[in-house]
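Taking it in order: structure first as structure tokens, then the write-up.
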Amino acid sequence: MKNLFGITTALALTAAGAAADTKIGMITTLSGGGAGLGIDVRDGFMLAIAQSGRDDIEVVIEDDQRKPDIAVQLSDKMIQSEKVDIMTGIIWSNLAMAVVPSAVNQDVFYLSPNAGPSALAGAGCHENYFNVAWQNDNLHEAAGAYANGAGYSNSFILAPNYPAGKDALTGYKRFFEGELAGELYTELGQTDYAAEIAQIRASGADSVFFFLPGGMGISFLKQYSDSGVDLPVVGPAFSFDQGILQAVGAAALGVVNTSQWSKDIENATNAAFVESFQTEYGRLPSLYASQGFDTANLILSALNIANPDDADTFREALRAANFDSTRGDFMFGPNHHPVQTIYAREVVQEGEIFTNKILGTALENHADAYAGDCKM
């Protein structure tokens, strides 16, 4: 399957000569520093579509290059020219904020496999917007809860200066009961963290929390490991997930991170997903791949009830979330964001592979902090 996908792809899964009953537009990051995240979302999503055996779905895939203006152009093209019924795929919250409000107000359904900015969970919620991954704060809130249990009382925290970064530090501070030795916002896409690590060294902190997804996390962890600073690190899964760990290597061993998914969650759907993804693509799935897979299966479950042109019935089928998730039981809160258990995981080495194992539960049946502001 992986050889079918280029940077810009229109994948028709329809019978020869037939028109698709449902057209899905995927805008995601397939080039540049964040490409691994988008590739994993795409691959997980397309694995579920292929496994469904349906021949009445067309998926149009485009690369946003992690640029908001490109994402907006692609969204306009998909809605106005491609006439998509459903959109998905965006990784980055600044791109989601540029695309989602306009898309849902044009009667297109948007299902997020990743980005969950607070603005779309609260007052900016919409009946056609569903987030299948999380609200941005959630994994960071769980990291704060874990830090309390670990006895940390003086954390140094940092994240990139964009919507998800702000949500990250807000989430950690919401649950962390200790003091802050320092708080920094870095540049989005930054690769040199010498100045930040020097501040951590001098801060008197007893722990470090950071949210630096993709290549940013790889750069920071390697530089942090080489610096000789020996403070324990806790963070969300974004910087310690499967695709990133192989690039970071031994520098990540022992780090505790929080995630709503892990390859060792014990349920039949997850076991089958991990095995089939590895067989199809030759690598272990990441958190992002699981989210793409779950997003596709949610869409498929709703399509078993109604087509998107029957908007009210299709929307209710999405809300019901009657599908087998890799996470086990799955349910939406009133703002169409998941209510879910978030785990603490530790980075370990299995043979030559760096991966994660579950240590325990950080937050159980956890909802986001913004649902009360959503008036749907």
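The values are calculated or read from the model by the stated rules, or taken from the named source; none is laboratory data. Model, not experiment: these values are computed from the prediction. Cβ atoms come from the backbone with ideal geometry, glycine included; neighbour counts cover every protein chain shown. All accessible areas refer to the heavy atoms of the entire protein, side chains included, with ligands and DNA or RNA removed. Shrake-Rupley method; radii C 1.70, N 1.55, O 1.52, S 1.80 Å.
Checked against (1) touching a Phe, Trp or Tyr at 6+ places or on another chain (Cβ under 8 Å); (2) assigned to a loop (DSSP other than H, G, I, E, B); (3) under 25 Å from P117 (Cα atoms); (4) open to solvent by 20 Å² or more (accessible area, probe 1.4 Å), A362 passes all but condition (2). Residues of the stretch 175-202 that are in a loop (DSSP other than H, G, I, E, B) and among the aromatic types (F, W, Y): F176, Y193. Cβ-Cβ under 6 Å, sequence separation 6+ or interchain: first residue in the stretch 103-125 and closer than 14 Å to D76 by Cα, partner of a type in the set (S, T, Y) and open to solvent by less than 10 Å² (accessible area, probe 1.4 Å). Which pairs? Listed pairs, sorted by first residue: A103/S75; A103/Y110; V104/Y110; V104/Y129; Y110/Y129. Inspection of the stretch 338-355 finds no residue satisfying the criterion of being outside any strand (DSSP E or B), surrounded by fewer than 15 Cβ atoms within 10 Å (Cβ to Cβ) and either at pLDDT 95 or above or among the basic types (K, R) (or both). Of the helices (runs of 4 or more DSSP H) lying entirely inside the stretch 203-296, none contains at least 3 residues that are farther than 25 Å from T361 by Cβ, aromatic (F, W, Y) and at pLDDT below 95. Looking only at the stretch 120-144, residues that are open to solvent by 20 Å² or more (accessible area, probe 1.4 Å) and at pLDDT below 95 come to 0 in all. The set of residues in the stretch 307-337 being without any contact (Cβ under 8 Å) to a residue 40 or more places away in the chain and buried (at least 16 other Cβ atoms within 10 Å of the Cβ) consists of A317, A321, F323, F330, G333.
The rows are residues; the columns are (1) surrounded by fewer than 16 Cβ atoms within 10 Å (Cβ to Cβ); (2) in contact (Cβ under 8 Å) with a residue 60 or more places away in the chain; (3) not charged (D, E, K, R).
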site	(1), (2), (3)
G151	yes, no, yes
L158	no, no, yes
P163	no, yes, yes
T186	no, no, yes
T191	yes, no, yes
D206	no, no, no
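Annotation for the stretch 98-106: no member residue is within 22 Å of L139 (Cβ to Cβ), part of a helix (DSSP H, G or I) and open to solvent by 50 Å² or more (accessible area, probe 1.4 Å).
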